[in-house]
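The structure appears below as structure tokens.
Just so it is clear, none of the values below were taken in a lab; they were calculated from the coordinates. Predicted model, so just to flag it, every value in this text is computed and none were measured. Please note: Cβ atoms are built from the backbone with ideal geometry, for glycine as well, and neighbour counts cover all protein chains shown.
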Amino acid sequence: MGFNITSEIIEGVAKLTLSGSLDSSSASMMQTEIQKVATQAPIALVLYVSELEFMASAGLRMLIFAKQKLGTAVQIYIVQPQGQIVDTLQMTGIIHSVHIVDNYPA
Amino acid sequence: MDNAAKIFPASLDSLEPIRDHVSAKCEALGFNKKKTYGLCLAIDEIATNIINYGYPQAGIGLGIIELLMADEGKQLTVTLIDTAVAFNPLNHLVPNQEDMNKPLEDRPIGGLGILLAQQNVDEFRYERRGDQNCNVFVVNAAS
């Protein structure tokens with residue numbers, strides 16, 4: 001399955017598209033992309049994850065890292081996460097700090 | 001599928017093969033997607049700790065993780081065995097409700113994996129057998 005991530009910034013919004021498995025072996029790829037978009041001081045971070053099939057706590061730590069790196073004012077949107085990933089966000093309470101949406105912009 | 005022990009190098013590259021191996025067993029037993037995912041996540045978290053912390057702290061360059069599976073009826077028991085430093089995940093602090101209510105930027109990073117390991121299986125226990133850490137995961141298909 002592996003892991004793939006791409007990033008772009010459109011009108012000040014950082015958009016990351018993730019697919020495959022985000023675990024401890026692949027989290028560094030996400031960290032690299034977050035650091036890359038952080039240099040352009042985005043106003044929001046949008047994660048397109050409809051094809052992300054697995055996310056371990058390493059992925060949760062990347063969400064925390066993103067918030068710390070981009071600043072508390074930058075909102076994080078998670079677009080179309082699969083049910084098990086929503087469960088993980090719920091179990092750890094992280095769901096309260098991000099926006100789960102069907103589309104961005106809504 | 002037989003229940004023979006399978007050995008994986010204690011490397012991050014083994015995480016996906018470990019999940020695939022467990023997932024195939026769950027599929028053969030007819031577990032639903034949620035149960036299968038939860039078990040794979042729990043095992044992934046503990047295996048990650050063994051790889052990232054257990055063997056490095058033991059000064060062992062590349063250890064191994066042995067994976068045993070046993071099924072009885074609709075219950076599957078998976079045991080991860082390593083010979084890294086003794087580590088009982090159940091003695092490790094996990095985020096409490098107060099931590100979970102904190103803003104993301106103030107959240108403690110540690111303990112999330114162990115929390116997920118505990119919450120995603122029906123039973124999780126740790127046993128020290130000689131120089132081995134044995135992390136045992138039990139899942140009931142019917143629960």
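Over region A:10-51, the hull volume per residue, using the convex hull of the C-alpha atoms, is 61 Å³.
Report the calculated FRET efficiency for residue B:97 and residue A:11 (r = Cβ-Cβ distance, R0 = 51 Å), to the nearest 0.05.
After rounding, the FRET efficiency stands at 0.85.
Amide H to amide H, with H built 1.01 Å from N, residue A:77 comes under 5 Å of A:45, A:46, A:47, A:99, counting only residues 5 or more places away or on other chains.
Once the chain from residue B:118 to residue B:105 is taken as fully extended at 0.36 nm per residue, the excess over their C-alpha distance is 2.3 nm. Computed as a quarter of the hull surface, the mean projected area of the alpha carbon convex hull for chain A stands at 5.8 nm². What's the FRET efficiency of residue A:104 with residue B:27 using the Cβ-Cβ distance as r and R₀ = 35 Å, to the nearest 0.05? Step by step, r from the Cβ atoms, then E = 0.55.
What does the convex hull of the alpha-carbon atoms of region B:6-140 project to on average, in nm²?
Spelled out: convex hull of the Cα atoms, projected over all directions, averaged, 8.7 nm².
Under the simplified labelling scheme, the residue B:72-residue A:72 pair shows an inter-label distance of 5.2 nm, with each label point 7 Å from Cα along Cα→Cβ. Membrane-span-like helices in chain A, defined purely by DSSP H runs whose alpha carbon atoms cover 15 Å or more axially and whose average Kyte-Doolittle hydropathy reaches -1.0, are A:27-38, A:57-70.
Pairs exceeding 30 Å between alpha-carbon atoms, taken from A:67/B:6; A:15/B:102; B:74/B:102; A:36/B:102; B:6/B:35; B:6/B:74: A:67/B:6; B:74/B:102.
Can you pull the percent of Cα pairs in the protein assembly as shown with separation above 22 Å? That tail contains 54 percent of the Cα-Cα pairs. By DSSP, the beta bridges lying fully in the protein assembly as shown are antiparallel in about 65 percent of cases. Near residue B:65: Cβ cut-off under 11 Å, other residues only, Lys/Arg at +1 and Asp/Glu at -1. The net charge is -1.
For the protein assembly as shown, the dipole from Cβ point charges (+1 on Lys and Arg, -1 on Asp and Glu) about the Cα centre works out to 300 debye, to the nearest 20. Here region B:3-68 is treated as an ellipsoid with the same Cα gyration tensor; its semi-axes, largest first and in whole Å, are 24, 12, 8. Semi-axis lengths, largest first, of the ellipsoid equivalent to region B:80-143 are 25, 17, 8 Å, with √(5λ) applied to each eigenvalue of the Cα gyration tensor.
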